[in-house]
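The values are calculated or read from the model by the stated rules, or taken from the named source; none is laboratory data. From a predicted model like this one, the values you see are computed outputs, not experimental measurements. All Cβ positions, even for glycine, are placed from backbone atoms using ideal geometry, and neighbour counts span all protein chains on display.
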């Protein structure tokens with residue numbers, strides 16, 4: 001049976017992580033799931049909630065997937081989200097890697113749809129559309145679609161790929177990993193994949209519920225802008241091209257989020 005490893009970094013997510021974990025456990029399909037929660041030195045009850053859920057899931061009689069497990073990984077120090085995800089990738093046992101942030105959650109049918117689509121079309125990477133949610137979990141009414149095919153040039157102008165929607169082959173994740181937590185580490189990974197493999201594929205269904213948390217690093221617009229400029233510089237672009245693509249990125253961001 002196919003195994004999917006769900007990588008979930010967490011730092012002080014006691015308010016949200018149970019909903020994220022539940023949304024993984026309710027995914028039905030011909031696969032087993034291991035959830036790897038990488039605790040980034042939390043100081044709240046995050047670890048206790050994860051351990052309690054791991055115990056409950058392991059004893060659940062009607063396990064929908066014939067095998068869901070939860071593993072808590074800790075390092076005893078603050079790693080940052082990039083290193084936390086990399087640790088999860090290294091420890092993962094599954095053929096596929098799925099990313100889910102601890103304050104987001106999935107709708108039913110997400111993994112079944114993505115895995116079937118990937119197998120039918122021999123794909124190594126897919127992402128889905130998303131619905132934007134308020135910090136309290138209520139909907140904003142905003143759904144962000146995703147193109148069927150995504151190329152490197154398209155991604156220079158806007159990031160079409162929500163990290164918490166991605167499913168990829170483990171071999172692909174191991175080829176690139178994530179880096180530069182001070183920038184948009186997931187965007188850099190997608191760009192390096194696209195630079196080598198030309199395109200990835202989207203499923204235009206909002207399977208991801210993406211919470212607009214006040215503490216998310218992309219919520220600070222000035223900081224996010226600096227990180228995006230840093231991404232272009234890291235990818236090898238000079239000042240003129242960086243300025244051009246950043247203007248396009250900013251324009252598309254206003255169109256995408258409506259503010």
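State yes or no: is residue 112 touching a helix residue (DSSP H, G or I) at 6+ places or on another chain (Cβ under 8 Å) and surrounded by fewer than 21 Cβ atoms within 10 Å (Cβ to Cβ)?
It is false that residue 112 is touching a helix residue (DSSP H, G or I) at 6+ places or on another chain (Cβ under 8 Å) and surrounded by fewer than 21 Cβ atoms within 10 Å (Cβ to Cβ).
Restricting to segment 76-109, and then to whatever is out of contact with any strand residue (DSSP E or B) (no Cβ under 8 Å at 6 or more places or on another chain) and part of a loop (DSSP other than H, G, I, E, B), can you tell me which residue is surrounded by the most Cβ atoms within 10 Å (Cβ to Cβ)?
Filtering first and then ranking leaves 80.
What residue, of 161, 144, is touching a helix residue (DSSP H, G or I) at 6+ places or on another chain (Cβ under 8 Å), surrounded by fewer than 18 Cβ atoms within 10 Å (Cβ to Cβ) and modelled with pLDDT of 95 or more?
144
Taking segment 55-73 as the region of interest, how many residues are surrounded by 15 or more Cβ atoms within 10 Å (Cβ to Cβ), modelled with pLDDT under 90 and outside any loop (DSSP other than H, G, I, E, B)?
Number satisfying all stated conditions: 1.
Specify the residue that is modelled with the lowest pLDDT; the eligible residues are those in segment 199-215 that are in a loop (DSSP other than H, G, I, E, B) and surrounded by 15 or more Cβ atoms within 10 Å (Cβ to Cβ).
Ranking the qualifying residues of segment 199-215, first place goes to 213.
Just to be sure I understand, how many residues within segment 17-34 are under 22 Å from residue 213 (Cα atoms) and either in contact with a strand residue (DSSP E or B) (Cβ under 7 Å, 6 or more places away or on another chain) or without any contact (Cβ under 8 Å) to a residue 60 or more places away in the chain (or both)?
Selection size over segment 17-34: 7.
Going through 203, 150 one at a time, which residue ends up being touching a strand residue (DSSP E or B) at 6+ places or on another chain (Cβ under 7 Å) and farther than 29 Å from residue 22 by Cβ?
The unique qualifying residue is 150.
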